[in-house]
Amino acid sequence: MITVTFKDVGQGDTIWIEWGDANNKSFGIIDCHRYQGRNAVIEELIQKQPKKLEFIILSHLHHDHYSGLGEVLNYCINNKIIIERFLHTFGPDYLEILDSLFLTYDQIKDIDVLIQAIDNGTKAKIIKDIDSVSHNFKPILLEGTTYLNFLAPNGIDYKELTKLKLRFKR
């Protein structure tokens with residue numbers, strides 16, 4: 001059975017997906033918005049205590065989709081929770097547009113925490129595969145013949161991402 005839970009995070013998204021039987025559960029995350037001082041994904045991680053996540057997907061770089069994701073990645077690093085695939089949709093053009101907009105201190109800080117956590121998770125080999133979602137994206141098999149397909153128009157590879165991380169330090 002596949003369970004998709006849309007967490008109550010006000011505006012934005014935090015989606016927890018789990019599938020498999022009681023003895024062999026798999027987990028995935030789409031976006032993570034910190035809301036009213038809490039992080040619903042970290043609460044799930046504490047409750048479920050997985051050894052690995054099949055995927056984390058960051059749909060796009062709006063604060064109400066990424067504000068808690070850096071915390072999640074750091075939690076996974078500190079607790080040695082393997083992330084099989086980290087998928088995202090942002091590219092250099094999107095980061096340049098973000099850089100030209102007025103962003104709050106919290107938005108800038110959360111982007112910096114997120115990019116640093118991606119870098120740390122990759123170096124620590126907690127994040128096994130990192131990739132941008134593009135037209136070549138291969139669907140994720142959840143269970144039986146059920147796949148998660150994620151569409152996005154752009155992407156950036158990991159090396160380009162790490163080059164951009166200092167841009168948001170103000």
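The values are calculated or read from the model by the stated rules, or taken from the named source; none is laboratory data. The structure presented is a predicted model; accordingly, all values stated were derived computationally and were not measured. Ideal geometry is used to build each Cβ from the backbone, glycine not excepted, and the neighbour counts take in all protein chains shown. Ligands, DNA and RNA are excluded from the accessible area calculation, which covers all protein heavy atoms including side chains. Shrake-Rupley method; radii C 1.70, N 1.55, O 1.52, S 1.80 Å.
Worth pointing out:
- Distance (nanometres) between label positions extended 7 Å along Cα→Cβ at M1 and Y105: 4.7 nm
- In order along the range 70-80, phi translates into HN-Hα couplings of x, 4, 4, 4, 5, 4, 4, 4, 5, 9, 6 Hz, rounded to whole numbers, per the Karplus curve 6.51 cos²θ - 1.76 cosθ + 1.60 with θ = phi - 60° and x for Gly and Pro.
- 1.4 Å probe accessible area per residue over the range 1-70, in Å²: 47 Å²
- A crude spin-label estimate for the pair H60 and D131, with each label 7 Å from Cα along the Cβ direction, gives 2.3 nm.
- Sequence-distant residues sharing a close amide H with L142 (under 5 Å, placed H): Y147, L148
- Sequence of Y147, Y35 when ordered by accessible area, the most exposed leading, probe 1.4 angstrom: Y147, Y35
- Ranked packing of 20-28, 82-90, 125-133, 67-75, most packed first, by mean Cβ within 10 Å: 67-75, 82-90, 125-133, 20-28
- Estimated vicinal HN-Hα couplings, Hz - the range 53-67 in sequence order (Karplus 6.51, -1.76, 1.60; Gly, Pro = x): 10, 5, 7, 10, 10, 9, 5, 5, 8, 9, 3, 6, 10, 10, 4
- Taking amide H as placed 1.01 Å from N in the peptide plane, the amide H of I127 sits under 5 Å from that of I83, T122, each at least 5 places away or on another chain.
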